Amino acid sequence: MLRGSAKLGTTDFMIDFRTSRPVRPRRSALSVPAINRRALEKARELDCDVVIFDLEDSVALEKKAEARDNLRRFFAKGPLAGRECVIRINALTSAFAEDDMAVVLACVPDAVLLPKVNEPEDIQTACDLLNEAGAPDSLRLWAMVETPRAVLNAAAIAEYGRTPDTRFDGFVIGLNDLRKDTGVPALPGRTYLVAWMMQVILAARAYGLDVLDSVCNDFKDLPAFEQECEQGRQMGFDGKMLIHPAQIRGANRAFGISPEALSEAQAVIAAFADPATAGVNVINVEGRMIERLHLEQAERLMQKLRLIQGETP
Ligand code: COA
Ligand code: MG
């Protein structure tokens, strides 16, 4: 056990930084504008892992109250089986946050997605609000990383978020806002944004958190979208935020488990299950060095596969 310390508050605590993060498929996280009742109903039948019900940027200022009412009615009809439900509220500093939080408390989604987060205190404020209102521990917090300060503070936010009782589960990168604030244009390959994105991924991984890639605005160009998914997978993201149902299949494929990855994992598990490898840490599997750390990865992959296939943990 390594010793960790809380950045905020006075509590010193023990945290096991080696603990691997819980496995939860988050390949595809579809944003659904809460103002769009047709899209809300459509979300009931879509095959994404996560639905993000959006009260923020996709809802016009004068329509916020109507969007909240839509969500109350939608959740009153019952949860979405097998999918994680997240409500993206407006920024905590905005005039809408209080009413948005009231909707969250009435609907009890799996998580609240906080936009325009800048520093650990933003997570703390949201957490305090949920605690004071008596929200169940199962109600988690996610943060959009979409401001220059959030990128710079990603490690501090992740470190704070990893402390017990902060409800924090991870990051979603928001490149549209980040491009707006930094002046970096939208180029194919996201050339000048990659370094910042990797910094956020590293921060998430350092503290055992999940991290999702940003949306791809061009929902008609599926080949370009698939390339972006592949890039995101290679960068190490767990999944991608989406804006259109047509993007779900590509994201599920890219961030899912390929037949090659599955057979490789099965070979590693079989190799270490052989009694001949008992007490051995490094073995030769078809000309490649395999270590016990690969066994952990393989077991994690199999666990994810079982969850994708609908088995309860
Ligand atoms: N969630 C659920 N259903 C959606 C959807 C979404 N995000 N986007 C589109 N659909 C539905 C449409 O309602 C339509 O359903 P129908 O055939 O039953 O009428 C179908 O998918 C096809 O939609 P299409 O005509 O191709 O697109 P559109 O013009 O209706 O919508 C957008 C295009 C971009 C406006 C819409 O996809 C959207 O609002 N996306 C989310 C935006 C968002 O959340 N932004 C904030 C986060 S960045
Ligand atoms: Mg944004």
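Tabulated results
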{"read-out": "Residue that is without any contact (Cβ under 8 Å) to a residue 60 or more places away in the chain and within 16 Å of ligand 1 (Cβ to nearest atom), where the choices are Gly239, Gly279, Gly250, Gly287", "value": "Gly250"}
{"read-out": "Asp100 acidic (Asp, Glu) and closer than 16 Å to Ser31 by Cβ", "value": "yes"}
{"read-out": "From the options Arg249, Arg190, residue that is modelled with pLDDT of 95 or more, surrounded by 18 or more Cβ atoms within 10 Å (Cβ to Cβ) and either closer than 17 Å to Asp57 by Cβ or basic (Lys, Arg) (or both)", "value": "Arg190"}
{"read-out": "Qualifying position, being hydrophobic (A, V, I, L, M, F, W, C), more than 16 Å from ligand 1 (Cβ to nearest atom) and either open to solvent by less than 20 Å² (accessible area, probe 1.4 Å) or not in a helix (DSSP H, G or I) (or both), among Ile257, Ile269", "value": "Ile257"}
{"read-out": "Test set (1) within 16 Å of ligand 1 (Cβ to nearest atom); (2) of a type in the set (A, V, I, L, M, F, W, C); (3) within 18 Å of the chain's Cα centre (by Cα) - Cys127 fails condition number", "value": "(1)"}
{"read-out": "Check on Ala204, touching a Phe, Trp or Tyr at 6+ places or on another chain (Cβ under 6 Å), free of Cβ contacts under 8 Å to residues at least 60 places away in the same chain and not in a loop (DSSP other than H, G, I, E, B)", "value": "yes"}
{"read-out": "Filter result (of a type in the set (Ser, Thr, Tyr) and either open to solvent by 50 Å² or more (accessible area, probe 1.4 Å) or within 16 Å of ligand 2 (Cβ to nearest atom) (or both)) within the stretch 163-187", "value": "Thr182"}
{"read-out": "In the stretch 283-292, residue modelled with the lowest pLDDT [restricted to those that are open to solvent by 80 Å² or more (accessible area, probe 1.4 Å) and more than 33 Å from the chain's Cα centre (by Cα)]", "value": "Glu286"}
{"read-out": "Qualifying residue in the stretch 130-147 (condition: closer than 15 Å to Ala29 by Cα, of a type in the set (Phe, Trp, Tyr), within 16 Å of ligand 1 (Cβ to nearest atom) and not in a helix (DSSP H, G or I))", "value": "yes"}
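The values are calculated or read from the model by the stated rules, or taken from the named source; none is laboratory data. Just so we're clear, the structure is a prediction, and the values are computed from it rather than from any experiment. Here the Cβ is made from the backbone with ideal geometry for all residues, glycine too, and neighbour counts use every protein chain on show. Accessible surface is based on the protein model in full, side chains and every heavy atom, while ligands, DNA and RNA are left aside. Shrake-Rupley method; radii C 1.70, N 1.55, O 1.52, S 1.80 Å.
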